[in-house]
Amino acid sequence: MSSERAVAFNREQAVRIEQQITLQYRFAAGYYATHFFTALRDHAKILGSRDAQGNVMVPPRPVCGLSSLPMNEWVEVGPDGVLAGATIVYVPFIDPMTGVQRPVPYGFGLVRFTGADTSIYHLLDATAPSQIGVGKHVTAVFKPREQRTGSLADIQHFRLLD
Amino acid sequence: MSVVRAAVVAAGQSDHGRRFDVSMAEIAREAIDRCLGSRGLGFSDVDAVVAGNMEMFEGIYLVDQLFVGALGALGKPLYKLNTGGTVGASAALACYHLVASGRHRRVLGVGFQKQSEGSTQSAITTVGDPVWERAVMAGAIGNFAAMASTYIAESGVSMEQAAKVAVKARRNACLNPHAHLKLPDITVEQVLESEMLAYPIHRLDFCPSSDGACAIVVAAEDLAGGLCEHPAWVHAVATAHDQQYMGDSPKRLAVMRSLQAAAKKAYGLAGIEDPRRDFDVAEIYEPASYAELAMCENLGICAMGQGGALIDQGVTLIDGPLPVNPSGGVLSTNPVGATAMIRVAEAAMQVMGEAGEHQIPDVKRALATGYGGNAWTDIMILARERPRPDAQVSA
């Protein structure tokens, strides 16, 4: 393409335009998340939604992904669970909720609460690969009541039990 | 209703890499000009355009309006898609459907992305559910590393076996004039000694962030033969989704339900009984070394749990029985909105006999896959032979 250009173009001096855009959002969490986060904030309880076949999903949701049936019941799960996947993250990552870089290394994994058929990602209280592993048992460590705001971050992290 | 048979008749790619010298519109044009130019076509020869792009990477949400001229769509239908990393393949499938339905006869597909223009990791945060997932995300790398841990637990694949995939990709890339990351002298030891990003993923186990674009033309059966000596006929297209949240799939990567479901549908349509025997080449969407091994298992290229043995035996090397990603794959080039279309384009180039230095001899049938979002899949099967007039191609 460069051979067709009408004037000389120095690739090394190509102009780049810098912009920073700050956007503010306010998401309605809805019935399922409101009930879940209220129980988490006020009582440090983890709730899942259950369908007529007994499938339990966390996060709770209107329709079961396994049976396609409505999920009209609530059931308490956890706070213990097992790791369905786990890693130690070394690469710097800006925490999207705070804009601040998380201290590395940190543990990160998929936790399947006892009594649930699905997992959620969360932080692990671990800094070395030898501490983590698929199938290891964990338990939720909740922030103190006065610090809980109704968010998954009300769980500080998961502590390894094994 | 009769279905029109359709073929990919042209493919073009930009030079992929860190492209500070071109705008988004210009990099799309680079691929389009090469694609149309390879057949002596111009914009007037295109009836409709399908564009694929993940808007949040560049933060430009009306690329179809802003780049309508560059995409060759003035006065024509222009359909923009965003289905995540899958989008380039979704756009290719949409091109197929627009032709097969009889709606249009020559459709241009374009996938493009300039990762260098935004913050990739921050943009990926916006993929997550704002209520449930963003508070504890760890970017694409943390996500893939956790998935890889599940795969390792299931399959017993080793770091060395994964590293062999990383080596294969970057050596293959040296034969591809468009590829981003070319490392002719890379070794397994170098992969294992490269920086640990998130256990067990080393820097060289992971794809780069690239700027790039890809374009294809899909034409109806009465035009295809006149546009191209060996059209890449579409024999199967299939799409399947998994559940919505990242922790919903019980054994992510190890058991990829959407890949299995889409492959089952596509293989049934195209009469594939043994993918390792029936395909001559595969271009699959492997953003990490471990992903290629897991995907080969889930695609039936080897038995479940045998991904490590597959690379140890050299089956998927460029001179092996079933070369996987002779282009260098996603591990060598990842401009997200273009990436899955590159899989389709590379598969088509192999069938057309136009893959240059990384051409596999005598390709009759090729597999292309796209992977995106949480865990969903597009598949396209292309072949040298024209499908039967009554063949069902789409499921």
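The values are calculated or read from the model by the stated rules, or taken from the named source; none is laboratory data. This structure is a prediction, so every number in the text was calculated from the model and none was measured. A quick note on method: Cβ atoms are made from the backbone with ideal geometry, for glycine too, and the neighbour counts reach across all protein chains shown.
Tell me, which residue of segment B:16-42 that is of a type in the set (D, E, K, R) and surrounded by fewer than 19 Cβ atoms within 10 Å (Cβ to Cβ) is nearest to B:Q115 (Cα to Cα)?
Within segment B:16-42, the match that is nearest to B:Q115 (Cα to Cα) is B:R18.
Going through A:R61, A:R26, A:R102 one at a time, which residue ends up being loosely packed, with under 15 Cβ neighbours inside 10 Å, among the charged types (D, E, K, R) and without any contact (Cβ under 8 Å) to a residue 60 or more places away in the chain? Let's see the steps before the verdict.
Details: A:R61 fails: loosely packed, with under 15 Cβ neighbours inside 10 Å; A:R102 fails: loosely packed, with under 15 Cβ neighbours inside 10 Å.
From the options A:R61, A:R26, A:R102, the qualifying one is A:R26.
Could you please find all residues in segment A:129-162 being part of a loop (DSSP other than H, G, I, E, B) and either among the β-branched types (V, I, T) or in contact with a Phe, Trp or Tyr (Cβ under 9 Å, 6 or more places away or on another chain) (or both)?
Matches in segment A:129-162: A:I132, A:V134, A:R148, A:T149, A:G150, A:S151.
For segment A:31-46, indicate whether the set of residues that are farther than 30 Å from A:R159 by Cβ, surrounded by 13 or more Cβ atoms within 10 Å (Cβ to Cβ) and more than 12 Å from chain B (Cβ to nearest Cβ) is non-empty.
So in segment A:31-46, the residues farther than 30 Å from A:R159 by Cβ come out as A:31.
After this cut, where a residue has to be surrounded by 13 or more Cβ atoms within 10 Å (Cβ to Cβ) as well, the list is none.
Scanning segment A:31-46, I find no residue that is farther than 30 Å from A:R159 by Cβ, surrounded by 13 or more Cβ atoms within 10 Å (Cβ to Cβ) and more than 12 Å from chain B (Cβ to nearest Cβ), so the answer is no.
Being facing another protein chain (nearest Cβ under 7 Å) and aromatic (F, W, Y) is true for just one of A:F113, A:F142, A:F108, A:F158. Which residue is that? Step through it out loud before you land on a result.
Values: A:F113 fails: facing another protein chain (nearest Cβ under 7 Å); A:F142 fails: facing another protein chain (nearest Cβ under 7 Å); A:F158 fails: facing another protein chain (nearest Cβ under 7 Å).
The match here is A:F108.
Are any of the residues in segment B:63-72 buried (at least 19 other Cβ atoms within 10 Å of the Cβ) and at positive phi?
For segment B:63-72, residues buried (at least 19 other Cβ atoms within 10 Å of the Cβ) and at positive phi: present.
Would you be able to say whether some residue in segment B:206-216 is free of Cβ contacts under 8 Å to residues at least 12 places away in the same chain and away from every other protein chain (no Cβ under 14 Å)?
The first filter runs over segment B:206-216 and keeps only residues free of Cβ contacts under 8 Å to residues at least 12 places away in the same chain, leaving none.
Within segment B:206-216 (the criterion being free of Cβ contacts under 8 Å to residues at least 12 places away in the same chain and away from every other protein chain (no Cβ under 14 Å)), the answer is no, since none of the residues qualifies.
Can you list residue pairs whose Cβ atoms sit under 6 Å apart, with the first residue in segment B:224-247 being more than 14 Å from chain A (Cβ to nearest Cβ) and the second being of a type in the set (D, E) and buried (at least 22 other Cβ atoms within 10 Å of the Cβ)? Count only pairs 6 or more apart in sequence or on different chains.
B:T239/B:D378
Of all residues in segment B:31-54 being out of contact with any Ser or Thr (no Cβ under 8 Å at 6 or more places or on another chain) and within 12 Å of chain A (Cβ to nearest Cβ), which is nearest to B:A94 (Cα to Cα)? It would help to see each step written out before you state the result.
To start, the set of residues in segment B:31-54 that are out of contact with any Ser or Thr (no Cβ under 8 Å at 6 or more places or on another chain) comprises B:32-33, B:35-51, B:53-54.
Going one step further and asking which of them are within 12 Å of chain A (Cβ to nearest Cβ), we end up with B:32-33, B:37.
Details: B:I32: 17, B:D33: 21, B:G37: 22 Å.
Selected residue: B:I32.
Those residues that are over 23 Å from B:D248 (Cβ atoms) and more than 7 Å from chain B (Cβ to nearest Cβ), I need them from segment A:83-97; list them, please.
Matches in segment A:83-97: A:P92, A:D95.
Check B:A254 against each of (1) buried (at least 24 other Cβ atoms within 10 Å of the Cβ); (2) within 26 Å of B:A355 (Cα to Cα) and name the one condition it does not meet.
If we test B:A254 against (1) buried (at least 24 other Cβ atoms within 10 Å of the Cβ); (2) within 26 Å of B:A355 (Cα to Cα), just (2) comes out false.
Give the residues of segment B:96-150 that are in a loop (DSSP other than H, G, I, E, B), of a type in the set (S, T, N, Q) and at pLDDT 90 or above, sorted by residue number. Steps first, please.
To start, the set of residues in segment B:96-150 that are in a loop (DSSP other than H, G, I, E, B) comprises B:101-105, B:118-119, B:126-133, B:137-138.
Retained after the next criterion (residues that are of a type in the set (S, T, N, Q)): B:101, B:119, B:126.
Residue satisfying the conditions is B:S101 alone.
Please specify each residue of segment A:116-139 satisfying the condition of being within 8 Å of chain B (Cβ to nearest Cβ) and charged (D, E, K, R).
Within segment A:116-139, just A:D117 meets the criteria.
Would segment B:13-30 turn up any residue that is under 21 Å from the mean Cα position of the chain (by Cα) and more than 14 Å from chain A (Cβ to nearest Cβ)?
Checked against the condition, which is being under 21 Å from the mean Cα position of the chain (by Cα) and more than 14 Å from chain A (Cβ to nearest Cβ), segment B:13-30 yields at least one hit.
Does any residue of segment B:206-228 turn out to be in a loop (DSSP other than H, G, I, E, B) and over 27 Å from A:F93 (Cα atoms)?
To start, the set of residues in segment B:206-228 that are in a loop (DSSP other than H, G, I, E, B) comprises B:207-210, B:228.
Next, from what is left, pick out any that are over 27 Å from A:F93 (Cα atoms): B:228.
The answer is yes; a qualifying residue exists.
Of the conditions (1) within 10 Å of another protein chain (Cβ to nearest Cβ); (2) loosely packed, with under 10 Cβ neighbours inside 10 Å; (3) part of a loop (DSSP other than H, G, I, E, B), A:E12 satisfies every one except a single condition; which number is it?
(3)
Among the residues of segment B:1-51, which ones are acidic (D, E) and not in a loop (DSSP other than H, G, I, E, B)? Walk me through how you get there before you give the answer.
From segment B:1-51, those acidic (D, E) are B:15, B:21, B:26, B:30, B:33, B:45, B:47; that's our starting set.
Once the filter is applied, which keeps residues that are acidic (D, E) and not in a loop (DSSP other than H, G, I, E, B), segment B:1-51 yields B:E26, B:E30, B:D33, B:D45.
Can you pull out the residues in segment B:113-160 that are facing chain A (nearest Cβ under 7 Å) and under 13 Å from B:F206 (Cβ atoms)?
B:Q121, B:G139, B:I141, B:G142, B:A145, B:M147
Name the single residue, out of those in segment B:188-201 being assigned to a loop (DSSP other than H, G, I, E, B) and over 25 Å from the mean Cα position of the chain (by Cα), that is surrounded by the fewest Cβ atoms within 10 Å (Cβ to Cβ).
In the first step, residues of segment B:188-201 are kept if they are assigned to a loop (DSSP other than H, G, I, E, B); the result is B:194-195, B:199-200.
Checking the rest, the ones that are also over 25 Å from the mean Cα position of the chain (by Cα) come to B:194-195, B:199.
Numbers: B:S194: 17, B:E195: 9, B:Y199: 23.
Going through the qualifying residues, I end up with B:E195.
Can you go through A:G150, A:G115, A:G133 and tell me which one is touching a residue at least 60 places away in the same chain (Cβ under 8 Å), under 18 Å from A:G85 (Cα atoms) and surrounded by fewer than 19 Cβ atoms within 10 Å (Cβ to Cβ)?
A:G115
Would you list the strands (runs of 3 or more DSSP E) that sit entirely within segment A:15-128 and hold 3 or more residues that are within 18 Å of the chain's Cα centre (by Cα)? Break it down stepwise before answering.
Details: elements: A:46-50, A:73-77, A:80-89, A:106-113, A:120-124.
Once the strands (runs of 3 or more DSSP E) in segment A:15-128 are filtered for at least 3 residues that are within 18 Å of the chain's Cα centre (by Cα), what remains is A:46-50, A:80-89, A:106-113, A:120-124.
Do any residues in segment B:282-300 that are surrounded by fewer than 24 Cβ atoms within 10 Å (Cβ to Cβ) have Cβ atoms under 8 Å from those of residues that are hydroxyl-bearing (S, T, Y) and in a helix (DSSP H, G or I), where the two are at least six apart or on different chains, and which pairs are they?
B:G300/B:Y267
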